[in-house]
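The values are calculated or read from the model by the stated rules, or taken from the named source; none is laboratory data. Values in this document were obtained by computation on a predicted structure and should not be read as measured data. Here the Cβ is made from the backbone with ideal geometry for all residues, glycine too, and neighbour counts use every protein chain on show. Protein only, heavy atoms only, side chains kept; ligands, DNA and RNA dropped before computing areas. Shrake-Rupley method; radii C 1.70, N 1.55, O 1.52, S 1.80 Å.
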Amino acid sequence: MSQGRLRRLNLLLQVPPVILTGVVLVLIDHTSWWGTAVLVVGVLAAVVAMERWTADDLARVALPCLAVTAAVWVFGALVADSSTAFYGLGVVGSLVVPQLPRHRIAAGLGLLGFIAAVGASRVLVSPGDVVGDLITYVLVPTGVFVVATPLLYGSQRYLDLMKETRDREAELAVAQERIRFASDLHDIQGHTLHVVKLKTVLAQKLVHGDADRAQEELREIHALVADTIAQTKNLAHGQRRLNLSAELENAKNLFEAAGIDVRVDRLAEADPRTAELLGQVLRETTTNILRHAQASLVRITLSGSGIDIVNDGARDGALPALSGLSALRQRVADEGGELTVEQGAGRFRTAAAFPGDGAVSVDPANPEAAAAPAGPAGSSGPAGSATTRALESSR
């Protein structure tokens with residue numbers, strides 16, 4: 001399950017019950033408008049903490065939410081005669097304690113002691129029904145906290161396990177790409193070295209009997225080695241000729257391995273003159289999504305005039321500086337096209353368009369053929385180097 005889908009599931013399962021329970025408790029303890037307003041503040045702090053917990057961003061609001069809910073509990077127990085004012089602190093504390101990197105037990109016991117001490121202080125300000133107050137203000141709040149904290153700790157461990165599984169899948173994808181890279185390197189150098197060995201042996205035999213033929217063999221060896229060096233450099237820099245269909249298939253596999261849903265729409269075949277450049281745009285965008293985004297869905301649309309890639313994992317803030325796409329923008333412009341990079345409303349879009357390019361239309365009655373790109377037949381490039389570059393290079 002992708003991180004985005006898991007967050008939506010947590011939002012659906014966790015936040016509504018927190019809101020509903022808080023509303024019910026506020027209605028039960030409703031005595032005055034100012035007392036109700038304070039209780040509502042505690043519930044809102046609990047909702048904020050839960051929402052941030054589902055986004056794996058609780059640390060940023062943990063201290064403010066703890067401070068607010070603790071103050072609400074003190075106010076409710078000592079001033080407003082509200083036994084349900086502990087609710088916000090119980091929720092926030094149960095979320096915060098399991099996420100602490102260490103000293104969880106000590107922190108939990110400390111928070112439990114604070115809840116009990118504040119509740120017990122109720123007896124000092126209102127010495128009427130001592131036993132009833134101890135049950136209502138001490139036993140019930142501490143019991144709820146003791147029960148809720150292990151449950152939320154289990155949920156946190158489950159989320160951590162899901163994240164670890166997703167990371168392992170990404171590492172497996174990287175390992176597969178390294179194997180593919182090694183295979184490409186073997187294809188380039190293995191054959192060359194074998195031919196060089198045979199030609200060297202032949203040149204040794206001819207050097208005394210046929211010097212001209214020996215020199216010819218040596219020249220061929222020199223040319224072969226020079227060509228192999230050039231191919232190896234191109235391989236190392238990801239510049240071997242790309243096959244767009246292979247890049248589409250590879251991007252789809254990488255996203256799925258990382259737990260990201262991907263939709264590929266091939267409305268038409270790209271013009272052969274620009275297909276390789278579109279493949280490079282797709283590869284670079286795949287790298288950026290895997291490295292920088294928190295995407296749950298990526299949609300790739302290939303048309304006769306270009307390619308459009310949209311993901312829903314854009315982070316808040318200014319448009320990031322992506323040097324790889326910046327370099328490609330000039331190359332696309334040199335070929336008469338335009339590379340567009342846009343960010344907004346949680347989405348990041350990369351589009352390369354070449355107006356006027358010819359295209360081979362895809363039969364709408366057979367969309368499956370378009371949605372399932374062919375494998376890398378005839379491709380000599382390392383179609384999967386995007387993940388390797390994503391984790392090993394730095395911009």
Ranking by accessible area, most exposed first, for 34, 73 with a 1.4 Å probe:
34, 73
So, taking all protein chains as they sit and a 1.4 Å probe, how much accessible area belongs to residue 221, in Å² rounded to tens?
20 Å²
Label-point separation in nm, residue 225 to residue 24, each point 7 Å along Cα→Cβ:
8.2 nm
At 1.4 Å probe size, with no ligands or nucleic acids counted, give the accessible surface of residue 87 in Å², nearest ten.
30 Å²
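How do 186, 292 rank by accessible surface area computed with a 1.4 Å probe, from largest to smallest? Spell out each step's value before the answer.
On the way: 186 125, 292 70 Å².
Most to least solvent-accessible, the answer reads 186, 292.
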So what does residue 224 come to for accessible area, using a 1.4 Å probe and Å² rounded to 10?
50 Å²
Starting from the Cα of residue 205, step 7 Å along the direction of its Cβ; do the same at residue 9; then give the gap between the two resulting points in nm.
6.7 nm
Can you give the log10 of the normalised intensity I(q)/I(0) at q = 0.16, 0.26, 0.28 Å⁻¹, computed with Debye over equal Cα scatterers of the range 61-133?
-0.57, -1.16, -1.27
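Determine, for each peptide in 66-72, 206-212, the mean count of other beta carbons within 10 angstrom over its residues, then list the peptides with the highest first. Could you put the intermediate results ahead of the total?
Details: 66-72: 20.6, 206-212: 11.1.
Highest to lowest by the protection proxy: 66-72, 206-212.
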Keeping all protein chains in place and using 1.4 angstrom, which order do 281, 140 fall into by accessible surface area, from largest down?
140, 281
Under a 1.4 Å probe, what is the accessible area of the range 1-154 per residue, stated in Å²?
50 Å²
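Please work out how much length the chain gains when fully extended from residue 100 to residue 185, using 0.36 nm per residue of separation minus the C-alpha to C-alpha distance, in nm with one decimal. Don't skip to the end; give the middle numbers.
Details: separation 85, 0.36 × 85 = 30.60 nm, distance 4.62 nm.
Once the chain is fully extended between residue 100 and residue 185, it gains 26.0 nm.
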Apply the Kirkwood formula to the range 1-154: the hydrodynamic radius equals the inverse of the mean of 1/r over all pairs of different alpha-carbon atoms; give it in Å with one decimal.
15.7 Å
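Take the Cβ-Cβ distance between residue 121 and residue 335 as r, set R0 to 51 Å, and report the resulting FRET efficiency rounded to the nearest 0.05. List each step's numbers first, then the result.
On the way: r = 75 Å, r/R0 = 1.48.
Efficiency at R0 = 51 Å is approximately 0.10.
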